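The next block holds one structure in the form of structure tokens; read it before the comments.
The values are calculated or read from the model by the stated rules, or taken from the named source; none is laboratory data. Being a predicted model, the structure only gives us computed values, none of them experimental. Don't worry about glycine lacking a Cβ; one is built from the backbone with ideal geometry, like all the others, and counts go over all protein chains shown.
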């Protein structure tokens, strides 16, 4: 396995949403995304995590094919109001980030299942962390796929809003350390999120159908990243995509990854 594409679970362990990074962008105007989705996601996540109590030891978690769990998972990973033909405003960054954090709490539970670790920090100290996370990605492939697609959609909307804010920022505002630090944080978060998805595609045991299903969400965020990431970050992502594409045996997956790499390069 290519070492450039072998850090996948470490990336998954390090994907942390910079929730506070959006605050310096947001103004007082009311958000236009569905305001009901955040409390609904939080309530559903609380129910799912209650159902999953002890799963780090038992390895048992609610599944999408469970009629009691599916509506909860759908609520947590609901991004239907994002990317529906309208650009996200900067006022929506904080609630969107909170929704991403809520989804990450549930996704983390699936990564920790049966590992014996109650949190990602503890798991990261385990020399077998990569192996354990990868096994869970395969075991809980439907739920993990839902989670990763959700992450990409929300992250793409966040990037789009930040790009709009950069384009309209006054020179004096854009030059401030707070502005620059916030941009850098969101760039790093975006890179980690997308890299984790790309690396996850290389996990042994996943079906090509599962990999193909991730391509639309990945393709949608590509043009935004091409405009947003720094040159060295784009180079890092292109190198990763090329390495993972070379590992794929499925033509559609290989071509999809290479097309994503070309999109990143062309921004």
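Miscellaneous remarks
- You will find that of 15, 76, the residue that is under 26 Å from residue 186 (Cα atoms), at pLDDT below 95 and surrounded by 14 or more Cβ atoms within 10 Å (Cβ to Cβ) is 15 and no other.
- Any hit, the stretch 168-175, residues being in contact (Cβ under 8 Å) with a residue 40 or more places away in the chain, surrounded by 13 or more Cβ atoms within 10 Å (Cβ to Cβ), part of a helix (DSSP H, G or I) and out of contact with any strand residue (DSSP E or B) (no Cβ under 8 Å at 6 or more places or on another chain): no
- From 200, 115, residue being within 25 Å of residue 79 (Cβ to Cβ), surrounded by 20 or more Cβ atoms within 10 Å (Cβ to Cβ) and out of contact with any strand residue (DSSP E or B) (no Cβ under 7 Å at 6 or more places or on another chain): 200
- Checked against (1) touching a helix residue (DSSP H, G or I) at 6+ places or on another chain (Cβ under 8 Å); (2) modelled with pLDDT under 95, residue 218 passes all but a single condition, namely (2).
- Checking 131, 64 one by one, the residue that is modelled with pLDDT under 95, surrounded by fewer than 18 Cβ atoms within 10 Å (Cβ to Cβ) and more than 17 Å from the chain's Cα centre (by Cα) is 131 and no other.
- The sole residue among 143, 160 that is on the phi < 0 side of the Ramachandran plot, assigned to a helix (DSSP H, G or I) and crowded, with 22+ Cβ neighbours inside 10 Å is 143.
- Test for residue 255: is it at pLDDT 95 or above and out of contact with any strand residue (DSSP E or B) (no Cβ under 6 Å at 6 or more places or on another chain): yes
- Lone qualifier among 133, 101, 82, 137 - being outside any helix (DSSP H, G or I) and closer than 29 Å to residue 224 by Cβ: 82
- Residue that is closer than 28 Å to residue 106 by Cα and in contact (Cβ under 8 Å) with a residue 24 or more places away in the chain, where the choices are 161, 184: 161
- Tally of residues being without any contact (Cβ under 8 Å) to a residue 40 or more places away in the chain and under 21 Å from residue 220 (Cα atoms) across the stretch 81-122: 2
- Only one of the numbered conditions (1) modelled with pLDDT under 95; (2) in a helix (DSSP H, G or I) is violated by residue 50, and that is (1).
- All told, residue 69 falls short of being touching a residue at least 60 places away in the same chain (Cβ under 8 Å) and closer than 22 Å to residue 137 by Cβ.
- Exclusive hit being at pLDDT below 95 and closer than 20 Å to residue 79 by Cβ, set 172, 156, 182, 145: 156
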